[in-house]
Amino acid sequence: AQILSRSLDDNWPNLIKLVSVTGIDFAGREHDVDDITTYITNWKEVFHLDRSTGMPAVFHGRDFYLLRSHPPVQLDTRRVLDDLMKMVRTRLRACDMERVEIVVETGIGLGVFAGKHLGIDDQIRKLSAYAARYVLQKEGFTFTNIRAIVFALPIFSKDTSGRRLPDTYDDFVNEFRANNYSGSIPVLIVDQDMHELTFTIARQGFRVSQLNPADSHGVFGEYWQNHRKYLEAGVH
């Protein structure tokens with residue numbers, strides 16, 4: 001790890017805005033219950049159910065278990081996409097109101113929370129990329145302060161031989177390229193750490209935002225949107 005040196009007289013740290021970010025969580029744990037029952041239309045056929053409540057049964061105080069034999073998981077893709085677009089729109093609107101010039105985004109909920117064990121992770125990553133591209137394409141001109149968007153999407157996936165496998169980075173690159181993105185806000189998609197990018201951008205004198213690493217959920221790597229108890233997207 002590298003310690004970043006700075007003095008109290010430095011202004012660049014004051015240019016960084018930390019954004020709390022909502023997401024959808026399909027990891028299959030107790031706090032995911034609203035996401036699972038909202039976005040998976042056949043969840044009753046996929047998970048073990050509690051006989052007394054009719055809801056997914058909780059094992060070991062936290063986890064939902066899949067039935068040994070269950071049909072393919074069916075997503076309410078329209079609802080997932082609509083909510084993902086609302087999340088993108090809310091984040092960008094908050095940043096714009098705070099006069100952020102460069103927004104550093106990352107792949108919220110696109111790792112373990114995307115539902116790999118459910119067989120829907122590839123679909124979720126593609127929907128997330130579509131939501132980001134669509135909002136920027138159609139509504140980018142409404143943001144008056146944002147000058148650029150940077151997607152920090154480190155590449156992690158490799159096979160046993162060390163060969164790189166398709167990752168979130170590829171889904172976003174493919175989405176923006178295949179649809180000939182021509183929004184008013186320039187977009188950069190990079191295989192890079194968001195903190196490194198944010199510090200570098202701030203040192204160039206730009207007001208920049210990034211995911212809040214000190215968020216009460218961020219500490220544990222958990223970002224979700226529950227319909228009864230939800231994390232608001234805000235700027236700190």
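Before moving on, here are some points about what is shown:
- When residues in region 39-86 are screened for being assigned to a loop (DSSP other than H, G, I, E, B), within 25 Å of S128 (Cα to Cα), within 26 Å of the chain's Cα centre (by Cα) and not charged (D, E, K, R), 7 of them pass.
- Selected residue (criterion: farthest from A202 (Cα to Cα)) from residues of region 121-168 that are of a type in the set (V, I, T), in contact with a helix residue (DSSP H, G or I) (Cβ under 7 Å, 6 or more places away or on another chain) and part of a loop (DSSP other than H, G, I, E, B): I155
- Out of V33, V88, one residue alone is farther than 30 Å from L136 by Cα and surrounded by 16 or more Cβ atoms within 10 Å (Cβ to Cβ). It is V33.
- Region 87-98, residues that are part of a helix (DSSP H, G or I) and of a type outside the set (V, I, T): M87, R89, R91, L92, R93, A94, C95, D96, M97
- The set of residues in region 55-64 being within 12 Å of V33 (Cα to Cα) and out of contact with any Gly (no Cβ under 7 Å at 6 or more places or on another chain) consists of M55, P56, A57, V58, R62.
- Pairs with Cβ under 7 Å, 6+ apart, first in region 82-100 and over 17 Å from D35 (Cα atoms), second part of a loop (DSSP other than H, G, I, E, B) and modelled with pLDDT under 95: T90/A233; R91/V21; R91/A233; A94/A233
- Of all the numbered requirements in (1) surrounded by 16 or more Cβ atoms within 10 Å (Cβ to Cβ); (2) of a type outside the set (K, R); (3) without any contact (Cβ under 8 Å) to a residue 24 or more places away in the chain, G54 misses one, and that requirement is (1).
- Residue among F26, F64 that is surrounded by 14 or more Cβ atoms within 10 Å (Cβ to Cβ) and without any contact (Cβ under 8 Å) to a residue 40 or more places away in the chain: F64
- Among the numbered conditions (1) touching a residue at least 60 places away in the same chain (Cβ under 8 Å); (2) farther than 30 Å from P71 by Cα, the only one that G107 does not meet is (2).
- The set of residues in region 205-236 being under 19 Å from D96 (Cα atoms) and modelled with pLDDT under 95 consists of S209, Q210, L211, N212, E232, A233, G234, V235, H236.
- Test result for V173, surrounded by fewer than 20 Cβ atoms within 10 Å (Cβ to Cβ), out of contact with any Gly (no Cβ under 8 Å at 6 or more places or on another chain), closer than 19 Å to L127 by Cβ and not aromatic (F, W, Y): yes
- Filtering region 169-182 to residues that are assigned to a loop (DSSP other than H, G, I, E, B) and without any contact (Cβ under 8 Å) to a residue 40 or more places away in the chain leaves only N180.
- Checklist (1) closer than 21 Å to G23 by Cβ; (2) touching a Lys or Arg at 6+ places or on another chain (Cβ under 9 Å); (3) crowded, with 21+ Cβ neighbours inside 10 Å applied to I102, failing item: (1)
- Check on D34, in contact (Cβ under 8 Å) with a residue 24 or more places away in the chain, part of a loop (DSSP other than H, G, I, E, B) and closer than 22 Å to D76 by Cα: no
The values are calculated or read from the model by the stated rules, or taken from the named source; none is laboratory data. From a predicted model like this one, the values you see are computed outputs, not experimental measurements. Cβ sites come from the backbone with ideal geometry, for glycine too, and all protein chains shown count toward neighbours.
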